[in-house]
1. Looking at the range 69-90, which of the residues that are within 16 Å of the ligand (Cβ to nearest atom) and open to solvent by 20 Å² or more (accessible area, probe 1.4 Å) is nearest to residue 153 (Cα to Cα)?
2. Here's a check for you: in the range 51-60, which residue that is surrounded by 16 or more Cβ atoms within 10 Å (Cβ to Cβ) and out of contact with any Leu (no Cβ under 6 Å at 6 or more places or on another chain) is farthest from residue 142 (Cα to Cα)?
3. Counting just the residues of the range 197-247 that are open to solvent by 80 Å² or more (accessible area, probe 1.4 Å) and among the acidic types (Asp, Glu), which one comes out nearest to residue 180 (Cα to Cα)?
4. In the range 322-351, what residues are farther than 16 Å from residue 258 by Cα, in a loop (DSSP other than H, G, I, E, B) and away from the ligand (no atom under 16 Å from the Cβ)?
5. For the condition within 16 Å of the ligand (Cβ to nearest atom), among the small types (Gly, Ala, Ser) and farther than 17 Å from residue 160 by Cβ, what is the one hit in 66, 99?
6. What's the number of the only condition in (1) free of Cβ contacts under 8 Å to residues at least 24 places away in the same chain; (2) open to solvent by less than 10 Å² (accessible area, probe 1.4 Å); (3) aliphatic (A, V, I, L, M) that residue 129 fails to meet?
7. Filter the range 6-35 for residues that are in contact with a helix residue (DSSP H, G or I) (Cβ under 6 Å, 6 or more places away or on another chain) and of a type in the set (D, E, K, R); which is least open to solvent (accessible area, probe 1.4 Å)?
8. Please enumerate the residues belonging to the range 142-166 that are closer than 28 Å to residue 369 by Cα, away from the ligand (no atom under 16 Å from the Cβ) and in contact with an Asp or Glu (Cβ under 9 Å, 6 or more places away or on another chain).
Amino acid sequence: MSADLTHDLVEETRQWRLDLHRHPELAYQEHRTSEFVAKKLAEYGYAVTRGLGGTGVVGTLQRGTASHSIALRADMDALPIQEQTGLPHASTVPGVMHACGHDGHTSMLLGAARLAASRKDLNGTLHVIFQPAEEVEGGALRMIEDGLFDRISPDRIFGLHNWPYSAPGTVAAPDGPMMSAFGTFDIKVEGKGAHGAMPHQSADPVLAAGQIVSALQVIAARNISPLDSIVISVTRIQGGDAYNVIPEIVNLGGTTRWFSAEAADLIERRLVEVAQSVAAGFECRAEVKHLRRYPATINDADAAAFVRASASEAGFEVISPQPSMGAEDFAFFLEKKHGSYIWLGSAREGENPVLHSPRFDFNDNVLGDGIRLWNNLISNTLMA
Ligand code: NI
């Protein structure tokens, strides 16, 4: 079925992972990581393209004459979080850490790339994509805008995330929606400032903003079908500097989540209607800006079924968790190519810090799982 995944390769992958964890880099600053990946890929015989999306790296391995092709993607960026694990391999960069396990993703894909290069039985083309800036900045979109799919044209593309919410040995690749789309919004509530002791002389934007925060929940509670899923969270309120001054302006901000284009249209229309009408009731004005940031991550049924079959064959338990309202910029790749996103179970026994926690550390016990799963997808595409 496939070449051997040796203990040595897993151990080497673990050393890469620990090194990357010590040296995390923020979005579009993944210079050291990118250099490391590019050097290794060249060493293994891949044709290497650099500079897509700034620090992005693409490796291509062509074997035989078959036209089948597959692309596998890992993300390389870290987060602006001060690490609190106290581990020997903790981040050496103040305020920056791999709190989402992208150090593990990069290492596993590099391990799989190394294994594939050592195989003599492949026939077709393997592309490995190491992308910058998955967190919030949309590095996938920048790689596409820089011509990624003009250079490579994979039949299918796959991306994988470690998933500390499921046990090791499990794999999820559901048909259809897997992770939500996300947007951000800003609402500027403008009134009339006055002395805090003489509120009748004001048009109080603090009072109006408070009502808007509550009223926005009508969109999820009453405007969308209870069987659809959206989220509107106000996460920022800024306004006022003094105990005795009613300010002129209060700024609200937050995030929105949805799956369908209709839901996005509804959210945008109702954010404006609710904010403006509530503000008007308090003799204030509201200015609303909403930005659609990432689309929803929607798997192709045939590609997802292919992952599930390959995972079962490789000994994984295939699970079907609910979609997540978290967002993932792999969605941009899935807008252009057939493919599927994958969650690889990585929960720790005992204390199991969640993604983006300052105490998170990629679970090295699943490094071999990731390489094995990638290797099986490669086998089932390039030995077909
Ligand atoms: Ni992540």
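The values are calculated or read from the model by the stated rules, or taken from the named source; none is laboratory data. If you're wondering where the values come from, they're calculated on a predicted model, not measured in any experiment. In this analysis, Cβ positions are derived from the backbone assuming ideal geometry, glycine residues included, and neighbour counts consider all displayed protein chains. Ligands, DNA and RNA are excluded from the accessible area calculation, which covers all protein heavy atoms including side chains. Shrake-Rupley method; radii C 1.70, N 1.55, O 1.52, S 1.80 Å.
1. 80
2. Keep residues of the range 51-60 that are surrounded by 16 or more Cβ atoms within 10 Å (Cβ to Cβ), which gives 52-60.
Next cut, out of contact with any Leu (no Cβ under 6 Å at 6 or more places or on another chain) only: 53-58, 60.
Numbers: 53: 5, 54: 8, 55: 10, 56: 9, 57: 12, 58: 14, 60: 19 Å.
Filtering the range 51-60 for residues that are surrounded by 16 or more Cβ atoms within 10 Å (Cβ to Cβ) and out of contact with any Leu (no Cβ under 6 Å at 6 or more places or on another chain), the one farthest from residue 142 (Cα to Cα) comes out as 60.
3. Only one residue tops the list, namely 228.
4. If the condition is that a residue be farther than 16 Å from residue 258 by Cα, in a loop (DSSP other than H, G, I, E, B) and away from the ligand (no atom under 16 Å from the Cβ), then 337, 338, 348, 349, 350, 351 are the ones that fit.
5. Numbers: 66 fails: within 16 Å of the ligand (Cβ to nearest atom).
Testing whether each residue is within 16 Å of the ligand (Cβ to nearest atom), among the small types (Gly, Ala, Ser) and farther than 17 Å from residue 160 by Cβ leaves just 99.
6. Unmet for residue 129, out of (1) free of Cβ contacts under 8 Å to residues at least 24 places away in the same chain; (2) open to solvent by less than 10 Å² (accessible area, probe 1.4 Å); (3) aliphatic (A, V, I, L, M): (1).
7. Per the criteria, the residue is 17.
8. Selection gives 156 alone.
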